[in-house]
Amino acid sequence: MPPAVHVRTDTIPLADLQHFPGNARRGDVELILSSLKRNGQYRGLVVRHVQPDGPLVVLAGNHTMQALALHGPGACNYRTTHQDEERPCGVCHGEDWSPSARCEVIICDDDTARRVNLIDNRASDVGEYDRDALAELLSYLEEDGFEGTGYTDAEVRQLAHAVPPLDTADALADTADVYREQYGVIVVCGDEAEQERVYNELTGQGYNAKVVTT
């Protein structure tokens with residue numbers, strides 16, 4: 001058998017799907033549901049059809065399946081605003097809904113099934129971000145808020161006002177015609193809410209405040 005063969009794309013009731021046994025990833029199901037409500041299901045689950053006449057096992061997207069189940073059947077009251085237009089939930093669309101998911105159904109052997117599950121969980125762990133590009137992308141969403149992105153307001157402010165890493169500051173210090181001394185005060189906050197309050201107070205008074213999380 002080839003490593004993996006795509007059979008079909010289908011919408012399948014959650015009751016007909018099984019979690020991958022031994023899935024090692026522990027995802028934020030509520031965060032995923034927030035995205036689904038705002039953005040809809042933009043990516044299909046990868047489901048293995050175990051032959052012959054065996055179960056449909058989710059290799060990739062186990063937490064998306066859990067988030068859809070968390071939504072539950074029927075219509076919900078979720079509403080959001082996009083460019084002054086009100087939108088219903090991206091899962092149920094404000095209508096009666098039976099829990100189901102769009103799936104990419106494949107057939108493969110046991111070895112490939114394990115490898116697909118592992119790489120889907122691992123690939124994002126080893127990636128990196130271009131912080132400037134990320135901050136720019138998020139800036140386009142500021143008017144309607146950051147729901148459905150996985151980022152909070154405080155995290156976006158931190159990106160926008162991030163302090164350069166120490167090695168960058170040291171490099172500037174070695175260049176006399178570029179670097180000039182700066183003076184500041186560090187305020188240690190008890191939690192994110194206090195950090196946000198203090199930041200807003202300082203910027204409201206005209207200070208050039210920066211958000212730092214350590």
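Some observations on this one:
- The set of residues from segment 33-48 being touching a residue at least 12 places away in the same chain (Cβ under 8 Å) and open to solvent by 50 Å² or more (accessible area, probe 1.4 Å) comprises Lys37, Asn39, Arg43.
- All strands (runs of 3 or more DSSP E) inside segment 74-140 with 1 or more residues being among the hydroxyl-bearing types (Ser, Thr, Tyr) and at negative phi: 79-82, 100-108
- Test: Arg122 is farther than 25 Å from Ala15 by Cα, basic (Lys, Arg) and in contact (Cβ under 8 Å) with a residue 12 or more places away in the chain: no
The values are calculated or read from the model by the stated rules, or taken from the named source; none is laboratory data. Predicted, not measured: the structure shown is a model, and the values here were computed from it. Note that each Cβ is placed from the backbone with ideal geometry, even for glycine, and that neighbours are counted across all protein chains shown. Each accessible area value is taken on the protein alone, full model and side chains, heavy atoms only, with ligands, DNA and RNA left out. Shrake-Rupley method; radii C 1.70, N 1.55, O 1.52, S 1.80 Å.
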